[in-house]
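Have a look at the structure below before the remarks.
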Amino acid sequence: MIHVFVGPTLSRSEPHLAAPEIQLWPPARHGDLFASGIRDGDTVVLIDGVYHQAPALRHKEILAAMGRGVHVIGAASIGALRAAELAPYGMLGVGAVYTAYARGDIVGDDEVAVGQAPDGQWHALTWPLVNLRQTLRLAQAAGILDDARATALLRALRAVYYPQRTTAAVRAVCRWQGEADFAQWLAEQVRLDQHFGDVKRADALDAVRTAIAGPPRRCGARPGRGVWDTTYFRAWSNAWAHAHVDGVQLSTEDRLLYQQVFDPAFRTRWTAYLEHRSLHPAHGPGLPLTARLVRFTDGGLPADRVFQPSVDLRHEPTVAILLAGESAQDRQAVARYADALEQARQMRPGFSTASVRDDVTRCFLLELWDCPERDFDSEASARGLVCGARAVMDAKRFIPGFLHEARSLKRGEAAHAGL
């Protein structure tokens, strides 16, 4: 399967994009390469992406995809920029824009950035600098501009902030620079050919054709896990881990946190997970947990206070151990709490879990765990939440749903008492 991330650079009606092996995606953003539909051996063609209105696709997400066997081609826009940066790790760059980045002829993100229509159709509303550079070169070849005038005009056009570099703005800059003849010539060329000077489009089509021709030959070995597997990457990976369960798409991270917070037996499962990690470490020989504990301590601390490994929620054996006690009712509660959190965000602009009060969350956990204040850190650690402060921070996402259900229950009891 070929996954093409494209927006304003190519129209969805392009014949090449209708090939049966192609799946179209919107402009790439942070998290898109974690999608379960992108499998080992597939090819990703990265053309367009977002970075102003949403978090951009991270380099380590691309490296991780390549590390597990996904072929990645970049061209035209953010794809060309990322390919120039990641070519040493095996990402294939295609086209003139990629070549210009790779050679250092251009360096700025604004060279390929465009303002995009907010209607979901991803139309470009502005001119990217790489296309303006090409039109200026064509104008020089046609004798419309000389080198000095083209250089001055490019400097003036580049001074316009990229989401404001509309056709009207380009014409205005040309008038200010005394280049009305060039503006008239450009308008005529675009009237005759709507893709005139569109080097981004030409590069994007080359990238799609390259992918259709077959998986590109990998330049060197796959990126090793050490290149991309960082604490930050693990957090992103876990945040994007989802599963379709009981007819609902649920966050695996939310499901685990629900068990850590609400299941009184989770302490036992966390110990089982620590035992599993001790017997099957990523590096070095496996040891029983008690033996490993003796190697690092004098035996005065419980294992959960000594070993606090990060969890990989895309590792099926790990998920199986940690969610072994999950019930259908638990999953239903996770779905309800996620809905309540989303409703809070919609009803209160700017709301985030950080705005939930620490003292409310702390009291909630102390009562739920039937835990004295002095044992709060120990109880949180035994549940794999590291410490009380971390438990408070993580559990905040359940508070809107819990409070909503508590209020609903009180209303129901009041109504029943009124009867």
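Remark: pairs (first residue in region 342-361, closer than 15 Å to residue 391 by Cα; second residue assigned to a helix (DSSP H, G or I) and of a type in the set (Lys, Arg); Cβ separation under 6 Å; 6+ apart in sequence or on different chains) = 353/396; 353/397; 356/396; 361/396. Filtering region 267-274 for residues that are surrounded by 15 or more Cβ atoms within 10 Å (Cβ to Cβ) and under 23 Å from the mean Cα position of the chain (by Cα) leaves an empty set.
State yes or no: is residue 96 among the hydrophobic types (A, V, I, L, M, F, W, C), more than 18 Å from residue 172 (Cβ to Cβ) and at pLDDT 90 or above? So residue 96 passes the test.
Being surrounded by 14 or more Cβ atoms within 10 Å (Cβ to Cβ), more than 24 Å from the chain's Cα centre (by Cα), at pLDDT 85 or above and hydrophobic (A, V, I, L, M, F, W, C) holds for only one residue in 208, 199, and it is 199. Exactly one residue among 300, 284 is closer than 22 Å to residue 381 by Cα, assigned to a loop (DSSP other than H, G, I, E, B) and assigned by TED's automatic domain parsing to the domain that holds residue 378, and that residue is 300.
Residue selection: residue 300 fails the criterion of being more than 23 Å from the chain's Cα centre (by Cα), modelled with pLDDT of 85 or more and more than 27 Å from residue 331 (Cβ to Cβ).
For the criterion of being assigned to a loop (DSSP other than H, G, I, E, B), in contact (Cβ under 8 Å) with a residue 24 or more places away in the chain and in contact with a helix residue (DSSP H, G or I) (Cβ under 9 Å, 6 or more places away or on another chain), residue 308 passes.
Counting only helices (runs of 4 or more DSSP H) that sit wholly inside region 4-123, those with at least 3 residues that are touching a Phe, Trp or Tyr at 6+ places or on another chain (Cβ under 6 Å) are 59-67, 78-86.
Checked against the criteria, residue 183 does not count as modelled with pLDDT of 90 or more, among the aliphatic types (A, V, I, L, M) and buried (at least 20 other Cβ atoms within 10 Å of the Cβ). Scanning region 149-167 for residues that are more than 14 Å from residue 108 (Cβ to Cβ) and either touching a residue at least 40 places away in the same chain (Cβ under 8 Å) or among the hydroxyl-bearing types (Ser, Thr, Tyr) (or both) gives 151, 163, 164, 166, 167.
For region 364-391, residues that are over 31 Å from the mean Cα position of the chain (by Cα), not hydrophobic (A, V, I, L, M, F, W, C) and not in a helix (DSSP H, G or I) total 2.
The values are calculated or read from the model by the stated rules, or taken from the named source; none is laboratory data. Model, not experiment: these values are computed from the prediction. Every residue, glycine as well, gets a Cβ built from its backbone with ideal geometry; the counts of neighbours run over all protein chains shown.
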